[in-house]
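Reading through the C-alpha cells given below for one structure.
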Amino acid sequence: MMEWIQGFLGKHKRLAIFYEIWRSLPPYIGFTPPKKQYRQITMWSGTEMRGVGRVILACFTAPMRCEQDPGRLSAAAQSDLKLAIRAVRALSDFCLIVQYRSHTLPTIRYMSKCLQDFHRQRHIFGEFRASKADLKKAKGASKDLGTSQARQSTISNYFEVTARQKANEACADRQGRHDLMKEMLGQATFNYPKLHLLTHYAQQIVPFGSLLQYSTEITEALHKPLKDAYRRSNKVDATPQILDSYARESACKILELNLCAWGKELNLGADINKLVIGLEKQRQEPKVPHGCTVFGGRQQPQSLYPEILTVLEQILRIPNLVKKFREYMRLNGGTTGENTMAETGKYRSKYFNSVGIPVLKFQEEGVEEHHVRWTGGNELRNRGEGRADWVWVWHRAINVEANGKVDGRTIGSLQGLFRVQDKTDSFHKVAIVRLLRLKGSGRPHSEEGMIRMQLMDRERGFHVIRIADNEGMAHLIPLEKNRVWLVNNRIDFNTWNELYE
C-alpha cells in the first residue's frame with residue numbers, strides 16, 4: 001500500500017509535502033516517530049509497520065488536503081482523491097481491528113465490511129499496481145489511439161472548422177487517450193497471496209480467537225540474545241563464543257532468581273540483602289494509581305528558572321500569566337480573596353519537564369502512563385528547539401472561550417509544568433496549555449473521518465489548568481504549518497471508539 005500511496009502522491013505533486021510531514025510526526029505512547037526520511041528506511045520491523053498503520057491515513061490525507069499546496073486539484077483529481085482516501089481508510093481500519101486482543105461478532109462484521117470497502121475502491125490504485133508489461137501495453141494502446149485520432153483529424157481538415165473547434169477536438173482526443181490508459185492500468189490484478197490471505201482472517205477468528213496469539217514476533221525476539229552475543233565475539237570463531245555468552249547470561253539470570261528466593265528465607269548478610277533489594281526493584285514494573293498524575297523528569301535548576309510568577313511571565317513570554325493563574329484559582333476554589341495582582345505574582349513555583357498521566361488500557365485491566373513532556377523553548381534550553389507535547393484537556397476549568405469541544409474535551413499544546421505555593425502554603429500542580437479551537441464541525445467528517453483544529457492567538461489561547469485535567473496525549477498532523485492540524489484518531493483505540501466512532 002505504501003508504494004501505491006507514493007505513486008498517487010507523486011502523480012499529484014504532493015510527495016515532498018508527505019516527506020516533510022513524515023519527518024515531523026509527533027511522539028505518542030507506543031509509537032516512536034521515525035528518525036530517518038521515508039526513502040532511507042530499507043527494512044521495517046513488525047512494531048514499525050504497526051506504527052505506520054496508525055498514522056498512514058492522516059499522513060496521506062494531510063498532503064492532499066493541505067491548504068498551502070503547490071496547485072489546486074482539478075475536479076477529476078478531487079474525485080480520485082476521495083476514492084483513494086476511502087481505500088486507504090478501509091485497509092488501515094481493517095488492520096487496526098485485526099490487532100484487537102478480543103473480538104465480538106460486531107467487530108468481526110465491521111472488519112469484513114472494511115475489507116469489502118477496500119476492494120470496491122482499490123481500482124484507484126490500479127495504475128500504481130500495474131507491472132512493467134501492463135504499463136508498456138497501456139502506452140502502446142494509447143499511442144495507437146493517438147495515431148487513429150490524428151488520421152481522423154487529417155480527414156476533418158477537408159471541412160471548414162474554426163480554431164475553437166480544433167482546440168476542443170484536440171482536448172477531447174487527449175482526454176480520450178488518458179481515459180484509455182487509466183482504464184487499462186486500472187485492470188491490473190490485485191490477486192496475490194498477501195492480499196488474498198486477508199479474506200480468511202474473519203473466518204479464523206471465530207473458531208481460534210485473536211490473531212495476536214499467532215504473532216511470530218515472540219520467536220523472532222528470541223534471536224536477539226544470539227545476535228548480541230555475535231556482536232561481542234571476534235567474528236572469527238563465533239559459534240562457541242555465542243554459546244558461551246548465551247549460557248553465561250542464562251546462568252546469571254538463574255542466579256538472580258535464586259538470590260531473590262533465598263533472600264526471603266535466609267539471612268545472607270547486609271551486602272547480599274542490599275543486592276537482592278536492588279534486583280527486586282529492577283524486576284518490578286512501576287505502578288501508577290488510576291486518577292493520579294505524577295510529575296516526572298529532572299526538576300529544573302532554580303538558578304535558571306526563577307520562582308516568581310511575574311518573572312516567569314516574562315521568561316516564558318506568556319501574556320497575562322498572573323491574571324490567568326488568578327482565574328485558575330477562582331475556577332478551582334483557590335483562596336485568592338482580596339489578593340492584588342502583585343501579591344499573586346509573588347507566589348513561588350518549581351518547574352518540571354514531564355508528567356505521567358494514567359490512562360485506562362484498551363481491552364485490558366489497569367492503566368498505562370502517558371509520559372508527556374515540555375522541555376522549554378530556546379530561551380530556556382540554549383540547545384535547539386524544545387519539545388511541547390499535545391494533550392487532551394478536560395473542558396471543565398475553562399469557561400472564557402467558546403472555542404468548541406469534542407465530547408467535553410479540547411486539545412492543547414503543553415507550555416509549562418510547575419507547582420505553585422500560595423500564601424496559605426497550599427501547593428497547586430498546574431500546567432500551562434495553549435488551546436486550539438475547532439475548525440468546522442466537532443464530529444468526524446469527510447472521507448478520512450477526522451476533525452480539524454486551528455490555532456488561537458496567544459492572549460486567548462493560553463490557560464492555566466490543573467494537572468488532573470490532562471487526559472492523555474493527543475496526536476496531530478499538520479495541515480498548515482503551525483496553524484491548522486488534523487487530529488489523528490487512529491493512533492489510539494480508546495480515542496477511536498469512545499470519541500469518534
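Okay, here's what the table says:
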read-out	value
The stretch 205-267 versus the stretch 28-69: alpha-carbon centroid distance in Å	31
Other-chain or far-sequence residues with amide H under 5 Å of Gln415's (modelled H)	Ile432, Val433, Arg434
Residues of the stretch 457-498: accessible area per residue with a 1.4 Å probe, Å²	34
Protection-proxy order for peptides 205-212, 116-123, each taking the mean of Cβ atoms within 10 Å per residue, highest first	116-123, 205-212
FRET efficiency estimate (nearest 0.05) - Cβ-Cβ, Arg109 to Asn267, R0 60 angstrom	0.45
Greater than 27 Å apart at Cα, pairs in Lys36/Lys350; Lys13/Lys143; Lys82/Lys439	Lys36/Lys350
Per DSSP, loop GluC sites (Glu not before Pro) in the stretch 1-84 with at most 12 further Cβ within 10 Å	Glu67
Cα-based equivalent ellipsoid of the stretch 416-501: semi-axis lengths in Å, sorted from largest, via gyration tensor	30, 16, 10
Packing-based order for 171-177, 449-455, using average beta carbon neighbours within 10 Å, highest first	449-455, 171-177
Placed amide H near Met456: partners under 5 Å, 5+ positions off or other chain	Arg437
J(HN,Hα) series, the stretch 146-152, from Karplus relation 6.51 cos²θ - 1.76 cosθ + 1.60, nearest Hz, glycine and proline x	x, 5, 5, 5, 5, 5, 5
Mean Cα-pair separation over length for the stretch 426-501, i.e. relative contact order, pairs under 8 Å, 6 or more apart, %	29
Under the Karplus curve 6.51 cos²θ - 1.76 cosθ + 1.60, θ = phi - 60°, whole-Hz ³J(HN,Hα) for the stretch 10-23, x wherever Gly or Pro sits	x, 4, 9, 6, 10, 5, 5, 5, 4, 5, 5, 5, 4, 6
Largest-first principal axis extents of the Cα set of the stretch 40-148 (Å)	60, 34, 32
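The values are calculated or read from the model by the stated rules, or taken from the named source; none is laboratory data. Note that the structure is predicted; figures quoted are calculated from it, not measured. Ideal geometry is used to build each Cβ from the backbone, glycine not excepted, and the neighbour counts take in all protein chains shown. Please note that ligands, DNA and RNA were not included when accessible areas were found on the heavy atoms of the full protein model with its side chains. Shrake-Rupley method; radii C 1.70, N 1.55, O 1.52, S 1.80 Å.
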